[in-house]
Structure formats: C-alpha cells, structure tokens
Amino acid sequence: MTKSTDVSWQLEGITMEGTVARPDGEGPFPAVVLVAGSGPTDRNWCSPLLPGSNGSGRLFAEALADAGVASLRYDKRVSGPHAIQNVPKLIGKLSMQSHLDELVAAVQLLSQLDFVDPSRIVGLGNSEGALHVLHYATSTLDVPFAGIVLAAPPGRPIQEVLLSQLALQAAQIPGGAQLLPKVQEAAERYTAGEPMNADPALPESVKMVLASFEAPANLPLARELWVESTRDSLGQVQIPTLVLIGGRDVQIDAHADGGPLQEAAAGKANVTFAFPPNANHVFKEDARTPAEVAATPGNGYNAPDTHLDPESLQTILTWLKATYNNTAR
C-alpha cells in the first residue's frame, strides 16, 4: 500500500510543495523524482487549463510505490495552490535555470529522506519536464542521477512542435487551415525577436497560446524554450537514459521528434528508445484518433476513466529495475 506524505521546502523565499510516495518497508528504496510538463501543470500532472483531476503524475507515483520505488512529485512555483501568490514574485525571473533550481532543490530533499538511497535516484520528466531533467543530468551537481526517463520529449525546437499542434487545432475549425500562414508569420516575427502581432482573425484559442509566449510572467523562459529541444543535450548524457514517445501522442511525434533524437543518440549504448503504440502524451492508454483528441476539451487527458498505458508502465519499471541493479551498492 502506498504511503503518501506532503512535504515543503524553501527556494529563494518561496515555499515549494510536493508529495513523497513510499513503498511498504524500511528501505532504503531507490527513488524517482517526477517532473511535470509546461505551464501551470501541478505535481499530479493536472492543470487548471485542463478538465479532470486524474493526473498521470499521481498514477505513476502510486505504481512506482507498488513496485518498491519511492518518489517525489512537486509543484513548480507557478503551479499548484499558491501559483497566484507566487507569479508576481517571479515575473522576469522564470527561465530554464529557475526550473533547474527547482529540480535541484527537490532532489536534494528527496536524497535526504532516511528511507531513500541517494545513489539510486532517477529523474522522470514529461514533455517540457524532460528538458529540465536533461539539464540536471548534464550539470555537475551534489546528487547525480542514476538515470533519466524522458517521457514525450520534444526532439524539435518548441516552435516547430507548437506550430504542428496549432495546425492540428486549426484543422478542427472551419476555414482554420487557411489561417495557418498567419500563425507562421507571427511565429517568424517572434523568432526574429519582434512582437508576434497575431492576426485578429485567428481563433481565440490560438491567439491565447501565442500570447502566452509573450506574457511577462513567462519570460525569459518562453524565449529560451522557443528554440530548444531535447536533441540539443541528449548526445551529452552519459548515464542510462530511456526515451518514450507514445504512438497516440498528438503533441510529440514518434517520427518528427523521435527521429532527430535517435540520430542524436546514434552509437550511444546508454540510450534506449521505446514507442508504446497506444500511449498518449501523458502516457495514458488511448484509443482515440488525433482528431478526436484535439476535439476533446483538455484533450481528455485527466478524465476519471483514464489509466496509465500498461505497456509504457511496464517498459519504465523494467528499465528502472535494470538501472537500479547496475547502481546497487
């Protein structure tokens, strides 16, 4: 039975909060730190922008505990119950480094728990979270990871991923395809360092996404993200690495993203790839078509009847067991 405990710690004057899940027994247990995706996604991988509270982060933590692995999942400072109070304190300070600082602090706390083996901590990041896990793995830090799991990592610059997502959204709107050149023009202006000046004729949902990259609360992070992909750092990683991209993912593509990542990892025996065919972006089992996913509010990721994709979960657990065995003291 999973035992869950809420924890908190201080980072630059802001209280960070998370949940530790541990297996039965005394330990010391191997552990995973779970890093959520972009925006206000919280420790459970839920978001106020998406309906539902059945988040994959919590489901992964429970499954890991059942398999004898402890975990920590945490709210970024711009997510969770205190996001509204924290955002004003972080305007102009959000960056890839600030997210790495959050992850470093979380791992530090996890490593100090008396039932955790600090030499066997793995980072598991979803989507944008995969970038932060990669940055940790390629930095020299007090508590090095034993391995990393990159779940739905962008293998293309985020601007390319975003444009492909918006194209899918636009395809669901009458006349939407004809508006795509206007999206591309806005993106080109942003790439050149200019304001996007999105065309007023674009759908509100598309304008909101574009505007988020210019919101003062998201800078300079948004501009850093715009040009970065996990391909940039994957070749530098020396520790065991599992790359997972689901066949039902409508945001990260097995070919468009997986292909560049496989090229970056060519000849690296420490990197393993898996493409579970029925997994969506948050590694729930999903039988819907891309059009059906795009037409569902919040993509239906956290609906009450959703569950982790069995093949994805088994792939992760098998890989973790091998990785922990190789680093066992």
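Values quoted throughout were computed directly from the atomic coordinates according to the rules given, and no laboratory measurement underlies them. Just so it is clear, the structure is predicted and the values come from calculations on it, not from any experiment. Quick reminder, even Gly has a Cβ in these numbers, built from the backbone with ideal geometry, and neighbours come from all protein chains shown.
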What is the chain's relative contact order, in percent, from Cα pairs under 8 angstrom and six or more apart in sequence? 19
Charges at C-beta only: +1 for Lys and Arg, -1 for Asp and Glu. How large is the resulting dipole of the chain about its Cα centre, in Debye rounded to 20? 220
Nearest-5 percent of antiparallel DSSP beta bridges in the chain? 40
Inter-site label distance for GLN238 and ALA256 at 7 Å from Cα along Cβ, in nm: 3.5
Given springs between every Cα pair under 10 Å in a Gaussian network model of the chain, which of ASP199, ASP117, ASP257 has the largest fluctuation? ASP199
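I need the GluC sites (Glu not before Pro) found in the range 122-219, filtered to DSSP loop residues with at most 16 other beta carbons within 10 Å of theirs.
GLU214
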Quick calc: nm separation of the 7 Å Cα→Cβ label points for ALA171 and ASP66 -> 3.4
Added length on full extension, which subtracts the Cα-Cα distance from 0.36 nm per residue, LEU49 to GLU292: 85.6 nm
What pairs from LYS207/LYS268; LYS3/LYS207; LYS268/LYS321; LYS207/LYS284; LYS76/LYS321; LYS3/LYS321 go past 31 Å between their alpha carbons? LYS207/LYS268; LYS3/LYS207
Extension length gain for LYS268 and GLN108 (0.36 nm per residue less Cα distance), in nm, is 54.7 nm
Measuring from a point 7 Å past the Cα of GLN314 along Cα-to-C-beta, which residues in the range 56-70 have an amide N at less than 20 Å? 59-69
Restricting attention to the range 1-76, which GluC sites (Glu not before Pro) occupy a DSSP loop and are surrounded by at most 15 other Cβ atoms within 10 Å? GLU12, GLU26
For LYS89 and ALA217, compute 0.36 nm times the residue count separating them, minus their Cα-Cα distance, and round to one decimal in nm. 45.1 nm
When the Cα centres of the range 160-189 and the range 203-243 are compared, how far apart do they sit, in Å? 18
